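Asker: Take a look at the following structure, please.
Readers should treat all values here as calculations from the given coordinates under stated rules, not as data from a laboratory. Remember, predicted model here, so these are calculated numbers, not experimental data. Ideal geometry is used to build each Cβ from the backbone, glycine not excepted, and the neighbour counts take in all protein chains shown.
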Amino acid sequence: MNASTDPLKTARTSHQLLDAHPLQDTGPQSPIEAEVATLIVDTLQLEDTPASIDPQRPLFNQGLGLDSIDALELSLALSKRYGIELKSDDDRNGEIFANLRSLARHVDQNRTR
């Protein structure tokens, strides 16, 4: 039996690959992540459901596919809903808008309502 047909060899090889590149456990959305995901879907009229947005998936480009106009609309909606101030020239915007989890964390830490 060669490695390609030996299930134990395949399992060991797969396990070694996982050990070398551990997958991050994204886990389910937290309540604030679910709330922000709903705001994203509703504001931008996305076809995705809020629950389908992986908290670790990038919001822009190859991830959810948002663009700069979406970021502006989303910033305005977040400001209205949560009273947070997001500025276009903030050096942290890349980190804040990296994914749902980072955006929800920022909202949770800075909300006034």
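Asker: Report the net charge of residues surrounding ILE84, where surrounding means a beta-carbon distance below 11 angstrom and charges are Lys +1, Arg +1, Asp -1, Glu -1. Before the final figure, lay out each step's value.
Answerer: On the way: positive: LYS80, ARG81, LYS87, ARG111, ARG113; negative: GLU85, ASP108.
With Lys, Arg at +1 and Asp, Glu at -1, the neighbours total +3.
Asker: Ranked highest first by average number of other Cβ atoms within 10 Å, how do 86-92, 53-59 line up? Could you put the intermediate results ahead of the total?
Answerer: Details: 86-92: 10.6, 53-59: 17.6.
Highest to lowest by the protection proxy: 53-59, 86-92.
Asker: How large is the charge dipole for region 29-110, taken about the Cα centre, if only the Cβ atoms of Lys, Arg (+1) and Asp, Glu (-1) carry charge, to the nearest 20 debye?
Answerer: Charge dipole of region 29-110: 180 debye, to the nearest 20.
Asker: Additional query: Which cross-chain or sequence-distant (5 or more) residues have an amide H under 5 Å from the amide H of LEU66, H modelled 1.01 Å from N in plane?
Answerer: PHE60, ASN61
Asker: Once a ≥ b ≥ c are taken as the square roots of the eigenvalues of the Cα gyration tensor of region 29-110, is the result rounded (a/c under 1.5), prolate (a/b larger than b/c) or oblate (a/b not larger than b/c)?
Answerer: Since a/c stays below 1.5, the shape of region 29-110 is classed as rounded.
Asker: Loop-only check: which GluC sites (Glu not before Pro) in region 28-113 are DSSP coil with at most 13 other Cβ within 10 angstrom?
Answerer: For GluC sites (Glu not before Pro) across region 28-113 that sit outside H, G, I, E and B with at most 13 neighbouring Cβ atoms in 10 Å, the list reads GLU47, GLU85.
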